[in-house]
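Here is the structure we will look at.
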Amino acid sequence: MDLLVAENISKTFAKHRALNNVSINVPEGSIYGLLGPNGAGKTTLIRIINQITGPDTGSIILNGEPLHPNHIANIGYLPEERGLYKKMKVGEQAIYLAMLKGLSKRDAISQLKVWFEKYDIAPWWDKKVEELSKGMAQKVQFIVTILHKPKLLIFDEPFSGFDPINQELLKAEILGLRDEGATVIFSTHNMASVEEICDHIALINKSEKILEGSVSEIRDTYKKGTYELEYDGNEIILEKFLPSNFKIVEKNKITQGHRSIIKLPSPKDANELLRIMMEHTNIRLFKEIIPSMNEIFINKVTQD
Amino acid sequence: MNKIWLVIQREYLTRVQKKSFIIMSILGPVLMAALMIVPVYLAKMSDEVKTVGIVDESGFFIEAFENTEKIKFNVMHMDIDDAKKAYETMSYDMVLYIPEPAYTYPSKIFIYSSKEPGMLVENYIRSSINNDLRTMRLKDAGVSKDVISAMKNKINLRSISIDDTGKEEERSGTLNLILGFVLALSIYFFIFMYGTQVMRGVLEEKTSRIIEVIISSIKPFQLMMGKIIGIAFVGLTQLLLWVILTGGIVTAVQSTFSSELEQVQQYQAQKTGQMMDPSNNVEVTKDYSKTTEFLSAILSIDFKVIIGSFLFYFLFGYLLYGALFAAVGSAVDNETDTQQFIMPITIPLILSIVSIQSVANNPDGPLAFWLSMIPFTSPVSMMVRIPYGVPYWQLGLSMLILTLSFVLFTWFAGKIYRIGILMYGKKPSYKEIWKWIKYS
């Protein structure tokens, strides 16, 4: 079932069309990556889901109902441009932001204390925000985003500003939240993180959605039937024994033996390739080359 | 609604806890109390008796000066050069020198003293000599003594207001002017001070980039109104503290030094009486007491109307300008860029301050009427008029216009605000802002 369905969303600012007929379906319990170059319209779409701006046309269905102001309590949003009141105390501020999301003061305090312990920032409760390092402020923002246990979490470039250790912590936290039943939308440029944690993605370029689907399906669609081989002996064997429609894309000598990349006319021929190779040499590695999200991204965007 | 309340609370509490607020709340009343008490004491301190030595070469004025409570006169039987040297050792404060006149009567007189002789002495001497000269000249012209003394009758002008029921009450123009001035100025200061705070608050949210987090939980308009209302409560708190603390300090000082103050105040009232009518001399105060007249003027002022309308104009004037200041804060990224947009907002406010005197001179004239109807000037201009009495229909109309403009301009400001808070980078032009307003 889809937790969030956006249908034919269009939005125009003055003369600039930010979104053109964009539809996305975010399955419940998934981590949904919203990808696209800068200025593609990701943030606009996210702001529409957060009801910060309204779409010109199109509709959003959340959990089976048209988007409604009461849904704010079901959404946690960590914007790309994020900050805190500098002069306010950390604890006070976290309570205020949690209460704005609809938590009672007592619940806010008790849950915040737990999270502050978990992230090692409890001693900063009574400090002013301006005394915090950027990383610590980011932790506070993250905690406040997820504190009211929203069904839908939206992170806009969540990893920016975190050091690698905290990035891992955050990644684990996002996966943990998904496992507890939350649905996560996150927009990023960091393709490595997309492969690691996203189940589904949508690629937005120049205000239009150009690709959507589960990460594994997309990668399957974009594979080119190329295989990587490492074997002992010398490369001449290959050319001698392989049928002419098995194209050798790349070949080079490595410390032990040789490495070749071969393009097959059809995936069924993989076994044939293995059989031929096994007769003549000692195979050390055989694998299908699946394009990375990064390649697909660059490919699609430059093509467009 | 619940969320607006949260915003109001935050805006209020963070500001009231600030050191600057606490300092202002204490310092303000101390300064105001000082302003009320110190002049009284200064007047008392300067109240020693002055002795004037007279050197009259003309011989006309030996008898012209009557001693009063504060000024004693003595003729010095010596020439002016000796008098100048000796007056201090003879314990005179100054020498009054009337030289031998070139024609019949002297036209120049001199006061020699090491210290400033003071207004009171100068005025007294001038009016005494003028009186005497006038009498002498009239006598020379053949006017009889009876006519001359008849001319000395002073007219006592008292302004009495009559209402529809025919009730008569003493009224004081000076008092009305002072009261109107003070009320109008406080409204002006509060609008400026707290309007700027609204603008800074909006800018703070924008530059610290917390704005997007907040408007994902609450509508921008709610946030804007919460901020404006929260700061309004800060303003009202400050006003209340000032009134209470100032009142407290003044009463405390008064009760500690009550007897001395009473004397001083009576004397002050006498002096005010003289100052309002410069040709009067001291004997006028014997005819009636200016003090009681002044008091009855104070009592005649309708404080219910004044306090009620002060609170109304204070609040709604601030609300109208607060919304505009919020819009300015949202449109730009930093405080230096606000200048261009603040200008058109503050011009009417400054205009209303500049025109206070003209409004007070003719509180029922067309200038006063229109300035008190235009919503951007009415909070200040109407406050100047109110102590003089304003027809109820005008007061009602002005309040209605102000309320409606508040609603209208808050709606406009909300539109600018909603778009502006998410715009970073280039400072927008007026044309772009106009587009934001039209943008649905």
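The values are calculated or read from the model by the stated rules, or taken from the named source; none is laboratory data. As the structure is a prediction and not an experimental result, all values here were calculated from the model. Cβ coordinates were reconstructed from backbone atoms using ideal geometry, including for glycine residues, and neighbour counts include every protein chain displayed.
Worth a mention:
- Test: residue in the range B:76-93 that is of a type in the set (A, V, I, L, M) and either closer than 30 Å to B:T237 by Cβ or touching a Lys or Arg at 6+ places or on another chain (Cβ under 6 Å) (or both): no
- When B:V243 is tested against the conditions (1) within 14 Å of another protein chain (Cβ to nearest Cβ); (2) part of a helix (DSSP H, G or I); (3) without any contact (Cβ under 8 Å) to a residue 12 or more places away in the chain, the lone failure is (1).
- Residue selected from the range A:95-137 under the condition surrounded by 15 or more Cβ atoms within 10 Å (Cβ to Cβ), more than 14 Å from chain B (Cβ to nearest Cβ) and within 29 Å of the chain's Cα centre (by Cα), by the criterion farthest from A:G161 (Cα to Cα): A:Q111
- Top-ranked residue in the range A:75-94 [being among the hydrophobic types (A, V, I, L, M, F, W, C) and within 29 Å of the chain's Cα centre (by Cα); ranked as nearest to the other protein chains (Cβ to nearest Cβ)]: A:L84
- Helices (runs of 4 or more DSSP H) contained entirely in the range A:112-199, each with at least 3 residues that are free of Cβ contacts under 8 Å to residues at least 24 places away in the same chain: A:164-179
- Residues in the range B:169-223 that are of a type in the set (S, T, N, Q) and either within 14 Å of another protein chain (Cβ to nearest Cβ) or without any contact (Cβ under 8 Å) to a residue 40 or more places away in the chain (or both): B:Q197, B:T207, B:S208, B:S216, B:S217, B:Q222.
- Those residues of the range B:201-228 which are out of contact with any Phe, Trp or Tyr (no Cβ under 9 Å at 6 or more places or on another chain) and closer than 30 Å to B:M382 by Cβ, in sequence order: B:G201, B:M225, B:K227
- Candidates A:L203, A:L285, A:L229 - the one that is among the aliphatic types (A, V, I, L, M), closer than 30 Å to A:L169 by Cα and either touching a Leu at 6+ places or on another chain (Cβ under 6 Å) or not in a helix (DSSP H, G or I) (or both): A:L203
- Among the candidates A:I52, A:I46, residue that is surrounded by 22 or more Cβ atoms within 10 Å (Cβ to Cβ), within 14 Å of chain B (Cβ to nearest Cβ) and within 27 Å of A:I143 (Cα to Cα): A:I46
- Test for B:S20: is it over 19 Å from B:G248 (Cα atoms), within 14 Å of chain A (Cβ to nearest Cβ) and of a type in the set (G, A, S): yes
- Meets criteria (more than 30 Å from B:A64 (Cβ to Cβ), among the hydrophobic types (A, V, I, L, M, F, W, C) and either surrounded by 19 or more Cβ atoms within 10 Å (Cβ to Cβ) or modelled with pLDDT under 60 (or both)) for B:I228: yes
- Options B:E63, B:E57; residue that is without any contact (Cβ under 8 Å) to a residue 24 or more places away in the chain, away from chain A (no Cβ under 14 Å) and of a type in the set (D, E): B:E63
- The number of residues in the range B:201-248 being among the aromatic types (F, W, Y) and closer than 18 Å to B:T14 by Cα comes to 1.
- Residue match in the range B:90-98 (condition: out of contact with any strand residue (DSSP E or B) (no Cβ under 6 Å at 6 or more places or on another chain), more than 14 Å from chain A (Cβ to nearest Cβ) and surrounded by fewer than 19 Cβ atoms within 10 Å (Cβ to Cβ)): yes
- Restricting attention to the range A:1-58, the residues being within 17 Å of A:N74 (Cβ to Cβ), outside any loop (DSSP other than H, G, I, E, B) and out of contact with any Lys or Arg (no Cβ under 8 Å at 6 or more places or on another chain) number 10.
- Scanning the range A:258-282 for residues that are hydroxyl-bearing (S, T, Y) and touching a helix residue (DSSP H, G or I) at 6+ places or on another chain (Cβ under 9 Å) gives A:S260, A:T281.
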